[in-house]
Structures are given as C-alpha cells and as structure tokens.
1. In whole Å, what three semi-axes, largest first, describe the equivalent ellipsoid of chain A built from its Cα gyration tensor (square root of 5 times each eigenvalue)?
2. Which order results if A:F485, A:F387 are arranged by neighbouring Cβ count within 10 Å, fewest first?
3. How big is the gap, in Å, between the Cα center of region A:1-26 and the Cα center of region A:159-213?
4. How about region B:22-126: which GluC sites (Glu not before Pro) there lie in a loop by DSSP and see at most 10 other Cβ atoms within 10 Å?
5. Quote to one decimal, in nm, the extra length available between A:E54 and A:I154 on full extension: 0.36 nm per residue of separation minus the C-alpha distance between them.
6. How far apart, in nm, are two points set 7 Å out from the Cα along the Cα-to-Cβ line at B:D145 and at A:E448?
7. Once both labels are modelled 7 Å past Cα along the beta-carbon direction, what's the B:M44-A:S66 spacing in nm?
8. How high is the FRET efficiency from A:D89 to A:A115, r the C-beta distance, R0 30 Å, rounded to 0.05?
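No lab work stands behind these numbers, since they all come straight from the coordinates. In this text the structure is predicted, and so the values were computed from the model without any measurement. Reconstructed Cβ throughout: ideal geometry from the backbone, glycine too, with neighbour counts over all protein chains shown.
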Amino acid sequence: MRIWVPRDSAAKALGADDVAKAVATEAASRGLDVEVKRNGTRGMIWLEPLVEVEQDGTRMGFGPVSPADVPAILDGTSDKALGAVDDLDWMRRQDRLTFARVGVIDPLDLSDYEAHGGLAGLRRAIAMSGEEIVTEVTESGLRGRGGAGFPTGIKWTTVLNAQADRKYIVCNADEGDSGTFADRMIMEGDPFCLIEGMAIAGLGVGATKGYVYLRSEYPDAIAVMEEAVRVGRAAGLLGGDVLGSGKAFDMEIRVGAGAYVCGEETSLLNSMEGKRGVVRAKPPLPALEGFMGKPTVVNNVLSLATVPVILEKGAAHYAGFGLGRSKGTMPIQIAGNVKRGGLFETGFGMPLGELVNDVAGGTASGRPVKAVQVGGPLGAYLHPDQFDTPFGYEEFDQAGGLIGHAGVVVFDDSADMLKMARFAMEFCAVESCGKCTPCRIGAVRGVETIDRIAEGDAEAIPLLTDLCKTMKDGSLCALGGFTPFPVMSAVERFPDDFARHREAAE
Amino acid sequence: MSAPMPAPTEEEVRAIVSGQLHLEGPLLPILHDLQHTFGHVPRMALQVIADALNITRAEVHGVMSFYHDFREVPAGHHVVKICRAEACQAMGAEALAARTLEKLGTAWHGTTVNGAVTVEPVYCLGLCACAPAAMVDDRVVGRVDDAKMDRLLREAGA
Ligand SMILES: Cc1cc2nc3c(=O)[nH]c(=O)nc-3n(C[C@H](O)[C@H](O)[C@H](O)COP(=O)(O)O)c2cc1C
Ligand code: SF4
Ligand code: FES
Ligand code: FES
C-alpha cells in the first residue's frame, strides 16, 4: 500500500512531517507493507495535512490529519475520510494545465514526472526550430504571470532575434506578493516542470544558461529546486546535450536576500549581478541587454512552467481556455480570511464573487466579506459591489484593479481600510529601492498623511490624493507607481473608514 | 542557527570567498555563504571580498546594506520571523505580532535579553492560505495562534 503525505511547506506548516512519521511508525508496528510517499500539495490548504491512501490506483483522501488520526485511517474507520481526491468538488471544478502534476507525483522522481506527461513538450520542442517554438508560445496567447501580463511569445521573439554570443533565461521566483504561493507550489511540487519550461525557452531563443532567482523566504523550495537540478543534470535533462538533442542548456539556483523590489525584473538582474537591487530605467529592455548585458528572457515561474503543456498539447489547446485576450488558465491563489483557501486553476473568466463566496466558501470567521485585495500589495481593494467582475486582465483593469500574480486576499468586516491603506504606504517605504523621490519620500509622507486622517484631519484626504497622483506619475517602477492603487481604492470605496472624528481619535 | 557560531578567521573567509568566484555575479552567493557559516557577515570580510572582486569596500558595504537578509552582527540563537503582510493581517497577524513582541520584551529586529530569540518581520512566506504564518529559523508554521506562538518561543528558549 502507498500512502501520500505532502511535503509542501504549507502542509509542513500544519504538521505534515509529524503525520508522515506517524504513518510510518504505525504501519511498521502493525507489520504493514506501506510505502510513505511525499507529494506536493493538491492546493486544498484547508484540508492540509491531506493524507492520501492509494488503493487499486485510486487515491482516497483524509484531512485535515493529525498524528492521532493515523490509526483510524489505517483501520479504515477514520472520520476524516473525504473520498477519492480527484472526485472532490474543488478538484473537479478546475482545469489544471500548469498544475496538472502538482500534488499528484513525487516531485523529485523524474520517472514519475515522465509517466504523467512530463518531458513530452521538451521532446516535441527538440524536433522544432527556435522560430517554431517561439511561434507556438505566441499563438497560445500566454501572457506573463508575474504581474504585467506582457505576451510571452513577443518577449521571446525579441530575444530570439537579438544577436549575441550568449543569451540567458532568468526565472523570476521572487514571489513577494502577499496572498501568492503558486510559484512556491510548483517549485516544491513539480520542479521538473519549471526546469523543462526553462529548457524549452532556452532552445526557443538560443540561450544555453538559465537562472532561477528564488526568494530566501522559501527554504523548502530552494532545497527542492537545487535537488531537482542535480537530478536533472545526472539524467541528461540538463547539461551539454539536453535529452540527446545535441543542444546545451544548464541552470543554477540563485537565492534572493529579502528585498521585495528585487522581483522587479531589472532590480532582479542587478541583484544577480551582485549589485544593489535598484531598478534600471528602460530602455534598454532586458530582452536586449539583460543579465551581464546580454539578451535575457525574464519570466515568472508560472509563465515558464506553463510552456511544457503548451508544447505538449499545442497552442490551440491552451488558447481554447480563457476569456477574450486573457487566454488559457490562471492558477488563482485564494487566501486570507476564507473558509477554503488554496490554489484553484481555472480558465480566465470566473467572476470574482464566485471565487470568493462559492469556491472559497466566504470568510473563515463567518462574518461578511468587506474587501478583497487582488494582485498583491500593489493591487486595488475591491468592494463586494464589484463581485461580478470576471477574472481577466482587461476586465480587472476596467474595474480599477489588476490581476497581478492572481493572489486573492479576503478581509471580513473587522478590517479597517484606513489601516490597510497605511500599511500599503508603509510597505512601499520599507521596500523602496530609493531611486525615485516620489516613491522613497512620498511613501513616508503617505504614512504621515494617513495618520493625520486617522486623527480626524479631513483636510489631509485631498493631500493624500495629490500625493498618490505624484507617486503614480513620478515613479520609475510599479512599487511607487502602483502603491496608490490599494491606497486610493481604500479611500474611494470605503470612505466611512476615513471619516474619523476628532473626538473618536485615539 | 541553533548553536553559537564560531568566531571567523580571515583564512576561513578567504576560503568561502574564493569558493564562489567562478560564478557569474558571485557577490550575493558569497554574502549568503558567509552568513550561513558565521551567522552574520563579519566586518573584516568586506575587504577580503572587495579585493577578490576588484571593487571597493564601500561598494561591498553598499550592496550588503541594501538587502534585509544580511546581518553585521550575529542574531540570537533562533530567529523567529512573523509575517506582517496582508493575508496574514486578514487573520489577525497584527495583534499576534504585538503580543509576541510584548512577551519577548523587544521591538522588531530585537533580541531577547538571554540571547535566545531575535524577532523579525517578514512580508509573506507563501503560507497565506494558512495564515497567520511564522518561521523559526528555516521551519515554517501556519495558523499561528497565541498558544502555538508560546510553544514555539518556549522551544526556542525565549
Ligand atoms: C515591485 C515589483 C515587484 C515584482 N515582483 C515580481 C515577482 O515577485 N515575481 C515576478 O514574476 N514578477 C514580479 N514583478 C514583475 C517583473 O518586473 C516582470 O514583469 C516579470 O518577472 C516578467 O515575467 P512575466 O512576463 O513572465 O510575468 C514585479 C514588478 C515590480 C514592479
Ligand atoms: S518607484 Fe520606488 S522602487 Fe520603483 S524604481 Fe522608483 S524608488 Fe525604486
Ligand atoms: S530593500 Fe530595504 S530599503 Fe530597499
Ligand atoms: S501574507 Fe503572510 S504568508 Fe503570505
């Protein structure tokens, strides 16, 4: 018998390692022949640790499991039984393309990876020219999942056409946005998928070297990725002759150092070069002068990890999902005050309210939803009045918001939106790279101005509005330029929280 | 970080620095390696790095001070990081952090008097669906409430 216990850090954070030990110990004491396998997470974080007992090819789920539940699970009498995992509503409602294998396979078992469709995309790419690979990605409609939504194929075309003795693929795994963990889940749960995507990118644009810039806050993901690179090298997936193609591609993991702004691609490149992580002015585009001044593809983890399935199933298959110009699927991460938090991959187009109230089941506290922040700390706070907004780039833009890396953070009615606006400014002040005055100084002024509003000084509200305009217009990157989104959306959509009376002030 | 770190010698620093020189952009890997080995980046390492990379000592210091991760002095035996970002705030992280700092009798970035615990803010650990989140050294913890935090602090010797 096989028993799966996730090794994903969210599962570990909820006690999965102790559960895995308990399963092994209990099985041994009963003399049972049990193989304990460690998988990634299925993404149903509210059920973690989610234990799966594999019987006749079907995986029966139990969760959330504590070590004390283990004997009953082995007896077949556990009240934590959920039924077959693939039949659970959360799983059935998704279209898992990027996340097809996450939670299913042993992340570091390359043969398990292949048995579940892995390497098919790379094998197909090996038989294609660089132009054909890039065209396939362009036709899939894939847009960058790191935040800006720039078409991946167009970026790759620029790098493909650039003349240079060296080109690079850089994977942006800085995932600093609050409410996001999809990159982490891929790296911990299906690292070969990212490696395969990077190798295809390398073949496509003619780059032989890749880097993953991985945030230091993710020690588990760093360990899995480093091991996967070693396994990949030993198996000939990486190195001088990728899968016998005669073409070279190798990669390294680089660890960040706790700076949010280093997720911005030019700051990231400076950081990798050993410099302060200040943002570079564009042009030149990284696609032409990137790492070490060479043409460089910088893509988010999800963008790159989606490339294998595009090559495997074809551009048309991928583009068949989605809404309008938002093609394909989006791994949406639902977090904060929700009953069911986790990762839900679906074609673009689902209304925000359906995600929050139906998929996530509303708040964990049982209180009414007050606000939803989509797209991380630079994303707007949306009001439940806006719940019919379909999850799509253009649709969110029209609603005065942004999708970003698709983190959805839910707040109940105990949230104080003035405090959240203050936090947005404070975060910008802490993380500013310091290059532009409106960001560096403006964010500090923003905190002070919001403090004045909190003390009942209503005249400070127009000052805050002006300040936000200055930050928007005068910032080089989206840290200073987009911090006004959460701030002004809070002011405009939750005016009651900013109408403090002097006597009520603390 | 569970045992006191040995005092670094210049020879050890040199060995670590030269071990990374083959990399493209070796400075961050060097700083990480030094901090991993000694619990901080020793002051005397700056000149060694500067010489090896052919940059000024001020430049090395400029890079090091840009990043939140690098320490000029060792931390306590354990580092407790508490997430302050939005998803954790939605689940009460602010109050949890305030109570924890009060219990420890220190502010953010401070170390308990007995040297056991340094407490740091962190902005998202990717555990936003099991908030509030914390990390003790490299060990992640989710759905942290007061009881869980007390246990973590006790285990860390605070
Ligand atoms: C302040 C700031 C932080 C960012 N953080 C990230 C990040 O953590 N991960 C990421 O992929 N992109 C991040 N981006 C976006 C990148 O600059 C860049 O657009 C992206 O890596 C390109 O990859 P993509 O086209 O695949 O999305 C950030 C941008 C800004 C302005
Ligand atoms: S907006 Fe802020 S973070 Fe961005 S480049 Fe300017 S100072 Fe740096
Ligand atoms: S990273 Fe701390 S100020 Fe820029
Ligand atoms: S916001 Fe706290 S772990 Fe992500």
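1. Numbers: eigenvalues 272, 199, 75 Å².
The equivalent ellipsoid of chain A has semi-axes of 37, 32, 19 Å.
2. On the way: A:F485 24, A:F387 16.
Ascending Cβ contact count within 10 Å gives the list A:F387, A:F485.
3. With region A:1-26 and region A:159-213 each reduced to a Cα centre, they are spaced 30 Å.
4. Answer in residue order: no site qualifies.
5. Between A:E54 and A:I154, full extension yields 31.6 nm more.
6. 4.2 nm
7. 5.1 nm
8. Working: r = 27 Å, r/R0 = 0.89.
Efficiency computed from Cβ-Cβ geometry: 0.65.
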